[in-house]
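Written out below as structure tokens is the structure these notes cover.
The values are calculated or read from the model by the stated rules, or taken from the named source; none is laboratory data. Since the structure is predicted, the reported quantities are computational estimates derived from the model, not experimental observations. Heads up, the Cβs are rebuilt from the backbone with ideal geometry, glycines too, and the neighbour counts pull from every protein chain shown. SASA here: full protein model, heavy atoms, side chains in, ligands and nucleic acids out. Shrake-Rupley method; radii C 1.70, N 1.55, O 1.52, S 1.80 Å.
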Amino acid sequence: MKKMLAILLSVALVLATTAALAEPVTVKFAAQADSTPATQAVVDAFNASQTNYMVEWVDMTNDSGAMREQLTTSLKAGSSEYDIISMDVVWAGEFAASGYIMPLDMMLDDAGLNVADYNAGSMASGNYNGKQYVLPFFPDLGMLYFRTDIVSQEDAAKLIAGTYTWADLLAMAETYAGQGGTTTGFVFQAALYEGLVCNANEFTSNWTDVKGGLEIMKQFIDSKASPDNILNYTEGETANSFVKGESVFARNWPYQWGVIKSEGTITTDQVAVAPLPGGSTVGGWILGINKNSANAEGAFAFMQFLNSEAGQLIMSEQGGYLPGLNKMLTDERIIKSDDRLSMVGFQNALKTTIARPVSAEYSKVSDALQQAIYPYLSGSAEIDATVTAVQAALAN
Amino acid sequence: MQRRMTWKEFCFILPLLLLVSVFSLYPILSSFSYTLFDYQTNNQAKNALYTAATLNTMLYVEDCDYLVYYLNKDIPNVDESDRATLTALVDKLEAQKAAYANSEKTISLPAATDQEISALIAETEQVAQSYAEKYPTLRIVTKSGQILDEMKTCLISSNFIGLTNYSRLVSDDRFGQAVGNTFVFTILSVSVELLLGMALALIMNKAMRGIGLVRTTALIPWAIPTAVSALIWCYLYDGTSGIVAALFTRLGIIAAPELLLTTAGGTMFGAILADVWKTTPYMALLLLAGLQVIDRGLYESSSIDGAGPIRTFTSITLPLLKSSMLVALLFRTLDAFRVYDLIAVLTKGTPETLSIYAYKMMIGQSNYGYGSVIVVAMFAMVALIAFVYVKVLGAELIQE
């Protein structure tokens, strides 16, 4: 009788354990809608790779300003609605300072991961008060696209090597504008929004030459090298102009390569990529864990998976995202799936990345910079007053 | 006949009073209380209304944890003789962790505890400094600086600043500019709307064939949600493909099509035009209601007395329309004064009006203290506008 009871009990125990195993913990992942299948594929691959956690992707708005507001509202209220949070690189300082996200140093250490193995710009933008708060989602950087069928070989070599100045580019833009069916020379982002800060960062060589950089920026705007309504250009207008073959040069993010492939009236054979004279502003997205999350281990396991070789391959092959794990930049499988990485100009651009100001009050700094620069570019402020205002904004 | 309310009657209106206090008074009072604090949600020392010394236990425990973690990594790397010092420090930090691990996120901080924690921070700094030469690669030496600085911010003092936010408002140029923009937008858009709305109302008031159709079509712009109509105007104003921008350039109203959405003057003009297009029907509707209650007999007798159309308008229509006009103007002015959605969608924030500025401060920069001051200033201005309207236009209305 006792034996029977023991057997029954152990059977019940086994059943209970399997029942518990069959129900993995749900981990909520807040990220923007992905126009590629990559994010979903990584989530699926992670869910299939283990049985403890089930990552569920919560679709956020594609307007990043609105997404930040949605996140801060939820996090400010102490909600644990989202476990893993995808952040624009410039938000991490604020989220860390506000106490919304969790420092990861000890988890990284326990998992045997090394900060230096990941994209430096992405990791640095999530390092606040000496604590590491993020892992990369996918890095991004500004670069110069140009038309190889219009630009002379000599100029092309100069561009790809990065041995040119903004003034050289201005001269080239003026020369080549109108050739090969184009209507303008150089398109970039000068509308009153975050993109203006990214562009000004590159024009001023990471704010080391504010006066010279802004002056040359204005020369582009005033001259025939850029369209009349360049002050209204965001990435959308830029890509639109370039892929329709209307411009010779364009400053944009790596995604434009995919746009040329999918909907360009020009082909990628007519295009090459080069580093920018003042360095490439780092953008992209990073991953952090909600401080109020009850599933931090699961969240970290997913972030670790995404930044493993397997995860990086999926992100690259299915979405064309740049790897955040440095050793994958030269991985043959990645280069095979991502033809951009085989370009010398692209690899050169990756070597000259610069960050935007890192601050707990980044939106304030960015806002002040936009308010200082835009009036000068649109002709309603003088350069000296503008430089003073920019310096004041940066000092903040 | 006035008589005093009985208790029983008072009980019947009590729910109403409660609702008013919960839904109106409470938000207003909390907005006012925000203005007296340096309240910024992106700074853990200022992210609530602290009136007394407080300890940020959550961050404090996390920082203690970091120091323990560094020290435990360091202990195997120092000489036998130095281990005791580090182990003693670890024990102290562990004791702190244990003491606060299960408390609330923030707790009140007595002076004695403050001293105790400050002493511990100083001791850790002391240890880090004393080992700097002997073991320059220790984590406690290289990495503890920022952690200790952060630990000091866990000791939160009151962020009550009285009227400092208000004095900042006085010297804030951007606020002055926002006030200017808001008034220009309000005055121009409401006066144009009044003129056009009056004309529209007079037409709609005529008994003629197909008037129902005219009234219905005229109301269409008002029926479209502002966000949608702003988006439509955004396309129309676009520098490359916008038809309105192209038309205005042809007519010589603007020098180049892209100016409408890029320059300060252009965006103001564009925002006013879009607002006039949208809300003129609303103004017309309010005025039409006023026109319809004017006694027809008055017009008949004035025409028998030989008054022309202009005399009729100034002597009969206008005076009798005064109360409707006051209501229409008051509604529209206060509406225009708080404009947000139209500008937010049309140009993402230029011209910067008071609502936009307050929004950028509070939501964009997480500065609720100063943002609330802007809101309170708006509240005062709205009250002033309403007061002026009633005084100037509606003196006799109140007497009735």
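Quick one: putting +1 on the C-beta of Lys and Arg, -1 on the C-beta of Asp and Glu, what dipole do you get for the protein assembly as shown around its Cα centre, in Debye to the nearest 20?
So the dipole magnitude of the protein assembly as shown works out to roughly 2520 debye.
Within a Cβ distance under 13 Å of A:ALA41, other residues only, what is the Lys/Arg minus Asp/Glu net charge?
That works out to -3.
From the protein chains alone at 1.4 Å, what is the descending order of accessible area for B:VAL392, A:VAL42, largest first?
If we order B:VAL392, A:VAL42 from most to least accessible, we get B:VAL392, A:VAL42.
Taking just the alpha carbons, could you work out the radius of gyration and Dmax for the range B:167-399, both in angstroms?
Reported Rg and Dmax, both Å: 20.5, 67.
Can you pull the accessible area of A:SER308 for me, 1.4 Å probe, Å² to the nearest 10?
Accessible area, nearest 10 Å²: 40 Å².
How large is the dipole of the range B:167-399 about the Cα centre if only Lys and Arg carry +1 and Asp and Glu carry -1, each at its Cβ, rounded to the nearest 20 debye?
Result for the range B:167-399 is approximately 200 debye, rounded to the nearest 20.
Positive end of the dipole of the protein assembly as shown, charges at C-beta (+1 Lys, Arg; -1 Asp, Glu), about the Cα centre: which of A:GLN32, A:ILE84, B:PRO27 has its Cα farthest in that direction?
Of A:GLN32, A:ILE84, B:PRO27, it is B:PRO27.
Return the loop-located GluC sites (Glu not before Pro) in the range B:96-172 (DSSP other than H, G, I, E, B) with at most 12 other Cβ atoms within 10 Å of their own Cβ; answer none if there are none.
Passing both the DSSP loop test and the Cβ count: B:GLU104, B:GLU133.
With a 1.4 Å probe on protein heavy atoms only, work out how much accessible surface B and A bury together, total over both chains, in Å² to the nearest 100.
Rounded to the nearest hundred, the buried surface is 2800 Å².
Starting from the 7 Å offset along Cα-to-Cβ, what nm value, one decimal, do you get for the label separation of B:ALA246 and B:ARG83?
Inter-label distance under the simple model: 8.3 nm.
Under the definition of Cα pairs under 8 Å and six or more residues apart, what whole-number percent is the relative contact order of the range B:54-156?
Relative contact order for the range B:54-156 comes out at 48 percent.
Whole angstrom only: what separates the Cα centroid of the range B:164-231 from the Cα centroid of the range B:233-249?
If you average the Cα positions of each part, the centres end up 21 Å apart.
Taking the Cα centre of chain B as the origin and placing charges on Cβ (Lys, Arg +1; Asp, Glu -1), which of B:LEU251, B:ALA128, B:ALA307 is farthest toward the positive end of the dipole?
B:ALA307
Tally Lys/Arg at +1 and Asp/Glu at -1 over every other residue whose Cβ is under 13 Å from the Cβ of B:VAL375; what's the total?
Its environment carries a net charge of +2.
Once you charge only the Cβ atoms, +1 for Lys and Arg and -1 for Asp and Glu, what is the size of the charge dipole of the range B:54-156 about its Cα centre, to the nearest 20 debye?
In debye, rounded to 20, the range B:54-156 gives about 160.
Would you mind calculating the relative contact order of chain A from Cα pairs under 8 angstrom and at least 6 residues apart, reporting the percent as a whole number?
24
Determine the relative contact order of the range B:282-351: mean sequence separation of Cα pairs under 8 Å and six or more apart, normalised by residue count, in whole percent.
Dividing the mean separation by the residue count of the range B:282-351 yields 40 percent.
When the label point is put 7 Å from the Cα of B:SER103 along its Cα-to-beta-carbon vector, which residues of the range B:55-88 have a backbone N closer than 11 Å?
B:55-58, B:60-61
Which value, in Å³ per residue, describes the convex hull spanned by the Cα atoms of the range B:54-156?
Measuring per residue, one finds 81 Å³ for the Cα hull of the range B:54-156.
Read phi for every residue in the range B:106-119 and hand back ³J(HN,Hα) as whole Hz from Karplus 6.51 cos²θ - 1.76 cosθ + 1.60, θ = phi - 60°, with x for Gly and Pro.
Running phi through 6.51 cos²θ - 1.76 cosθ + 1.60 with θ = phi - 60° gives 9, 10, 6, 10, x, 4, 5, 5, 3, 5, 4, 5, 4, 5 Hz.
What lysines sit close enough to B:LYS348 to cross-link, taking a C-alpha to C-alpha distance under 23 Å and skipping anything fewer than 8 places away on the same chain?
A:LYS218, A:LYS364, B:LYS278, B:LYS360
I'd like the orientation of helix B:211-223 relative to chain B: the angle between its Cα long axis and the longest Cα principal axis, in ° from 0 to 90, rounded to 10.
That helix lies at roughly 10 degrees to the long axis.
Once the whole set of protein chains is in place, how much accessible area is left on B:ILE363, using a 1.4 Å probe, in Å² to the nearest 10?
50
Which of the aspartates and glutamates could a cross-linker span from A:LYS291 if the Cα-Cα distance has to be under 12 Å and same-chain partners fewer than 8 positions apart are dropped?
Those aspartates and glutamates meeting the cut-off are A:GLU81, A:ASP83, B:GLU62.
Where in chain A are the DSSP H helices whose alpha-carbon span along the long axis reaches 24 Å or more and whose Kyte-Doolittle mean is at least 0.0?
A:2-22
Which entries of B:LYS97/B:LYS134; A:LYS327/B:LYS97; A:LYS28/B:LYS46 have Cα-Cα distances beyond 32 Å here?
Pairs exceeding 32 Å: A:LYS327/B:LYS97.
Go through B:LEU251, B:LEU285 and list them by solvent-accessible area, largest first, probe radius 1.4 Å.
Largest accessible area first, the list is B:LEU251, B:LEU285.
Over the range B:167-399, with the other protein chains present, what is the accessible area per residue in square angstrom, probe 1.4 angstrom?
Per residue, the range B:167-399 has 50 Å² of solvent-accessible surface.
Taking all protein chains together and a probe of 1.4 Å, list A:LYS244, A:LYS158 from the most accessible to the least accessible.
I get A:LYS244, A:LYS158, largest accessible area first.
With both bridge residues required to lie in chain A, what share of the DSSP beta bridges run antiparallel, to the nearest 5%?
Percentage antiparallel, nearest 5: 60.
Once you list every other residue whose beta carbon is under 10 Å from the beta carbon of B:GLU352, what net charge do they have if Lys and Arg are +1 and Asp and Glu are -1?
Once all neighbours under 10 Å are counted, the net charge is +2.
Once Lys and Arg get +1 and Asp and Glu get -1 on their Cβ, which of A:SER226, A:SER247, A:LEU141 lies farthest toward the positive end of the dipole of the range A:119-247?
The residue sitting farthest along the positive end of the dipole is A:LEU141.
Could you work out which residue, out of A:ASP367, A:ASP384, A:ASP83, moves most in a Gaussian network model of chain A, that is, has the largest mean-square fluctuation with Cα springs under 10 Å?
Answer for the Gaussian network model of chain A: A:ASP384.
Report in % the part of the accessible area of chain B that belongs to carbon and sulfur, leaving out ligands and nucleic acids; probe 1.4 Å.
Of the solvent-accessible surface of chain B, carbon and sulfur hold 66 percent.
So what does the Cα-only Debye profile of chain A read at q = 0.09, 0.14 Å⁻¹, as log10 I(q)/I(0), no solvent term?
Results for chain A at q = 0.09, 0.14 Å⁻¹ read -0.57, -1.24.
On a C-alpha basis, how far is the centre of the range B:9-62 from the centre of the range B:66-128 in Å? Whole number, if you could?
34
With heavy atoms of protein chains only and a 1.4 Å probe, what residues of the range B:343-365 have at least 40 Å² less accessible area in the full set of chains than alone?
Buried-area filter returns B:ILE363, B:GLY364, B:GLN365.
Taking the alpha carbon gyration tensor of the protein assembly as shown, what are the square roots of 5 times its eigenvalues, largest first, to the nearest whole Å?
They are 54, 40, 27 Å, listed largest first.
Return the distance in nm (one decimal) between the two label points of a simple spin-label model at B:PHE160 and B:VAL22, each offset 7 Å from Cα along Cα→Cβ.
Placing both labels 7 Å along Cα→Cβ, they lie 2.9 nm apart.
Equivalent ellipsoid semi-axes for chain B, as square roots of 5 times the alpha carbon gyration tensor eigenvalues: give them largest first, rounded to whole Å.
Equivalent ellipsoid of chain B: 65, 29, 16 Å, largest first.
What Kirkwood Rh does the range A:197-327 have if only Cα atoms enter the pairwise 1/r average? Answer in Å.
Final number for the Kirkwood radius of the range A:197-327 is 17.7 Å.
Which ³J(HN,Hα) values in Hz, rounded to whole numbers, follow from the phi angles of the range B:40-49 under the Karplus curve 6.51 cos²θ - 1.76 cosθ + 1.60, where θ = phi - 60° and Gly and Pro get x?
So the Karplus estimates, Gly and Pro as x, are 10, 6, 8, 9, 5, 8, 10, 8, 7, 8 Hz.
Where only protein heavy atoms count, and the probe is 1.4 Å, what is the accessible area per residue for chain A in Å²?
40
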